[in-house]
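Below you'll find the structure, written out as structure tokens, and then a few comments.
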Amino acid sequence: MTAVLKNFLGTYTSRYSDFEGYWLFGFLVASLDELRINLLDPPASPSEPAFGVAMRLAVEKFQDQVRKASLARHRVQSAWLTLRRSPGTVRGTVNSHAGLGYRVEFIAEAVTDDGRRHEQACVLFVAPHNPAAEFRSAGRLTGRLSGPA
């Protein structure tokens, strides 16, 4: 399960989690304090489309990692992802453009049927979406989308 959570965080936070062809998390960070996602149940769609994409992708990518690990679904009793933004801004770079953003902690946790609790976390610099500093995904140009058009 530890490897499942680690691989999940790697794929979820990657450039392939996009919204309108850009890295998804730049669309969330300005209004994010804390978001907790149940990874075993498809979430209800929130009013903000980028948050809906973030929730749907989390569930899909977690379930994909469980499947790739050949782990029977009934072995996972609970699984959650928490995104937590730091309170103050920090300086960082996006594609060699310096700017202000936030540290966002991604915490994936799961409890297996034997009662064991597993957790993996990572912290990333996330700047608010800025199309002048970001590259648009080639997938957006060919019609492959992670988020709504």
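Sparse packing (at most 13 other Cβ atoms within 10 Å of the Cβ) combined with a DSSP loop state is found for the following trypsin sites (Lys or Arg not before Pro) in segment 1-64: R15. Just flag the chymotrypsin sites (Phe, Trp or Tyr not before Pro) in segment 23-55 sitting in loop per DSSP whose Cβ has no more than 12 other Cβ atoms within 10 Å. Here no chymotrypsin sites (Phe, Trp or Tyr not before Pro) fit, given the DSSP loop and packing criteria.
What the pair-distance distribution of segment 11-78 shows, using all Cα-Cα distances binned every 5 Å from zero, is 3, 16, 25, 24, 16, 9, 6, 0 percent. Once backbone amide H atoms are built at 1.01 Å from N, L39 has A79, W80, L81 as its partners under 5 Å, excluding neighbours fewer than 5 places away on the same chain.
Diffusion coefficient (Stokes-Einstein, Kirkwood radius over C-alpha pairs, 4 °C, 1.567 mPa s) for segment 2-142: 82 µm²/s, rounded to a whole number.
Here, each number is a calculation from the coordinates, and none is a lab measurement. Every value quoted in this text rests on a predicted model; they were computed, and no experiment measured them. Using ideal geometry, Cβ is built from the backbone for each residue, glycine included, and neighbour counts are taken over all protein chains shown.
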